[in-house]
1. At 0.36 nm per residue, and after removing the present C-alpha to C-alpha distance, how many nm does the segment from residue 3 to residue 208 gain when stretched out fully?
2. By how many nm would the segment from residue 18 to residue 218 lengthen if fully extended, with 0.36 nm per residue of separation less the alpha-carbon distance?
3. Tell me whether the stretch 62-206 comes out rounded, prolate or oblate; compute the Cα gyration tensor, take square roots of the eigenvalues as a ≥ b ≥ c, and use a/c under 1.5 as the rounded threshold.
4. Show me, for the stretch 168-179, the HN-Hα J-couplings you get by feeding each phi into the Karplus relation (A = 6.51, B = -1.76, C = 1.60, θ = phi - 60°), rounded to Hz, glycine and proline as x.
5. Dipole magnitude of the stretch 5-222 about its Cα centre, charges +1 at Lys/Arg Cβ and -1 at Asp/Glu Cβ only, in debye to the nearest 20?
6. Under a 10 Å cutoff between Cα atoms, tell me which one of 116, 209, 174 has the largest fluctuation in the Gaussian network model of the chain.
7. Using Cα pairs under 8 angstrom and six or more residues apart, how large is the relative contact order of the stretch 5-222, in percent?
8. For the stretch 130-225, treating each Cα as an identical point scatterer without solvent, what Debye log10 I(q)/I(0) comes out at q = 0.20, 0.22 1/Å?
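All of the numbers you see were taken from the coordinates with simple rules; none came from a lab. All values reported here derive from a predicted model rather than from experimental measurement. Note that we place each Cβ from the backbone using ideal geometry, even for glycine, and neighbour counts take in every protein chain shown.
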Amino acid sequence: MRTIIIAIDGPAGSGKSTTARLVAARLGYTYIDTGAMYRAITLAMLEHGAPISGDMLAEFVAGLNVELRYAESGQRTYLNGRDVSERIRHADVTSDVSRVSAIPVVRTAMVALQQQLARQGGVVMDGRDIGTVVFPDAELKIFMTASIEARAQRRMAELGSEQNSFSVEDIAMQLALRDEMDSSRDTSPLTKADDAIVIDTSGVTIEEQVERITALARERIAIPA
Ligand code: C5P
């Protein structure tokens, strides 16, 4: 049976990662969370402290080793051999990641890594530019959206104790700001690929989303290459 690439793009909190993980599990595919990669680079920059630019920045990024490893508990993210899976979800990384991911040398390095990880096919990859830039020929492209209220409520429910001081309104504002930065950057902004199927997840359960995308994937898998 042929193996395909499933690209899932959309704004923050639209339910991409949970859906992508479950679709991958159903199909026996590998789930690749590209947001985690940009978060790892952001953490490296925050830990470096001093601002870096120009050639130094290219050298700095080239010297970083971002890896996704798979454990029983799911995908783990490593930065230079250190497990940073929880650390990259903290508020300092979240508030800086859109700035860092807009830097062209960062994108070039991460896109190359993502293309290499999926070279055998059989992956579900979620992000912002997967169907447009990373895999413009992906066999199945999904663009997930949801109202800002639904996304903020979901993010609120997901957040750990570190961020419990935020209100739903604060979270909605942070999401809107991140969407605006991700959508307006010059290099590979968040945008729907022309051939992507739009799924609005506002009033839909995770189970229904997973069912629908898995069914679409099975149709594509059945088409001879
Ligand atoms: O998916 P997640 O919310 O973890 O992504 C964090 C950030 O990484 C996004 O807000 C965006 O700035 C960046 N990102 C990106 N391209 C991707 C995936 C994530 O620019 N393919």
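1. Roughly 71.5 nm would be gained on extension.
2. Result for the pair: 70.1 nm of gain on full extension.
3. Cα axes put the stretch 62-206 in the rounded bin.
4. 4, 5, 4, 4, 4, 5, 5, 5, 5, 5, 5, 4
5. For this selection, approximately 400 debye.
6. Result: 116 has the largest fluctuation of those listed.
7. Over the stretch 5-222, the number comes to 35 percent.
8. -1.12, -1.19
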